[in-house]
Amino acid sequence: MPVAVGPYGQSQPSCFDRVKMGFVMGCAVGMAAGALFGTFSCLRIGMRGRELMGGIGKTMMQSGGTFGTFMAIGMGIRC
Amino acid sequence: MEEYAREPCPWRIVDDCGGAFTMGTIGGGVFQAIKGFRNSPVVSGRPVGLLRSRGPVAGGGDGAGDTFLLASSQGVSHRLRGSLTAVKTRAPQLGGSFAVWGGLFSMIDCSLVQVRGKEDPWNSITSGALTGAVLAARNGPVAMVGSAAMGGILLALIEGAGILLTRFASAQFPNGPQFAEDPSQLPAAPLPPSPFGDYRQYQ
């Protein structure tokens, strides 16, 4: 890393902080993607109403977790 | 991360490819370890599922819970072995497909940078969509369109999250955005406006 101190004199965040940040961001992206794709796939297999909400929520959780894990790993291998 | 972001274009491909392979292998190892442990056939119970079963987790989960109660310590060691088998079989595969995705993605990204002469989010969105299309090319045009839409939407989400985070974080902690983005997307991300324009000159 070329820079250890930012413009405002803040020290560089630790590795764990990056991994956490990667996880949070991956989680957000994964949840958004899961909401999109989950809606389509749940509608396609014929879910409606309350069941549809549950299906979308499950897809969102799953893809959020997967994305978050992968992005946390991606952060982790580069610090 | 910063010197990564400024990686000159041909070498970025190699870098992305390797990074994606590592990420896929480690992540695949984590997930397949869990999955292999849950789905592993146990000696004392009925075999609840094959290692390669890709079906919904919920169906396999109940049966796996049943057999887990039946399983003795020997069963646990069998499960660990199944988990190891799953990791050894699946994780390199996932790493390979990640590497293919990452390599092709950054190849197209670099080509777009060369052709358009600028780096912005549209580059990576376009290259995500094109990568999806190219990798699904053998499955016919419909699959190509679907896969391209998926890649494009995914990359757009990632880019959007990166931009949002940059804006949000630049107000609070100035060091945030440089690590808060997916590394393979970082090269094409736009340079954030105020505090980071001169930030790069610190190196």
*asked:* Against the condition open to solvent by 30 Å² or more (accessible area, probe 1.4 Å) and under 15 Å from the mean Cα position of the chain (by Cα), how does B:Leu104 come out, does it pass?
replied: yes
_Give all pairs with beta carbons closer than 8 Å in which a residue from segment B:107-130 that is without any contact (Cβ under 8 Å) to a residue 12 or more places away in the chain and of a type in the set (Lys, Arg) meets a residue that is part of a helix (DSSP H, G or I) and open to solvent by less than 30 Å² (accessible area, probe 1.4 Å); count only pairs at least 6 apart in sequence or on separate chains._
B:Arg116/B:Asn123
*When you go through B:Thr85, B:Thr126 one by one, which is the residue that is outside the structural domain of B:Gly24 (by the TED database) and either at pLDDT 90 or above or in contact with a helix residue (DSSP H, G or I) (Cβ under 8 Å, 6 or more places away or on another chain) (or both)?*
B:Thr126
*For residues that are of a type outside the set (A, V, I, L, M, F, W, C) and part of a helix (DSSP H, G or I), scanning just segment A:36-52, find the one that is farthest from the other protein chains (Cβ to nearest Cβ).*
A:Gly49
*Name, by its number, the condition in (1) polar (S, T, N, Q); (2) modelled with pLDDT of 85 or more; (3) closer than 25 Å to B:Gly18 by Cβ that does not hold for A:Ser14.*
(2)
*Answer yes or no as to whether B:Ala143 is more than 17 Å from B:Ala20 (Cβ to Cβ) and without any contact (Cβ under 8 Å) to a residue 12 or more places away in the chain.*
yes
*asked:* Which numbered condition in (1) over 26 Å from B:Gln32 (Cβ atoms); (2) at pLDDT below 90 is the only one that A:Thr39 fails?
replied: (2)
*Is it the case that some residue within segment A:56-64 is farther than 30 Å from B:Gly19 by Cα and either buried (at least 16 other Cβ atoms within 10 Å of the Cβ) or at pLDDT 90 or above (or both)?*
yes
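The values are calculated or read from the model by the stated rules, or taken from the named source; none is laboratory data. Just so it is clear, the structure is predicted and the values come from calculations on it, not from any experiment. Don't worry about glycine lacking a Cβ; one is built from the backbone with ideal geometry, like all the others, and counts go over all protein chains shown. The area values use the complete protein model at the heavy-atom level, side chains included, leaving out ligands, DNA and RNA. Shrake-Rupley method; radii C 1.70, N 1.55, O 1.52, S 1.80 Å.
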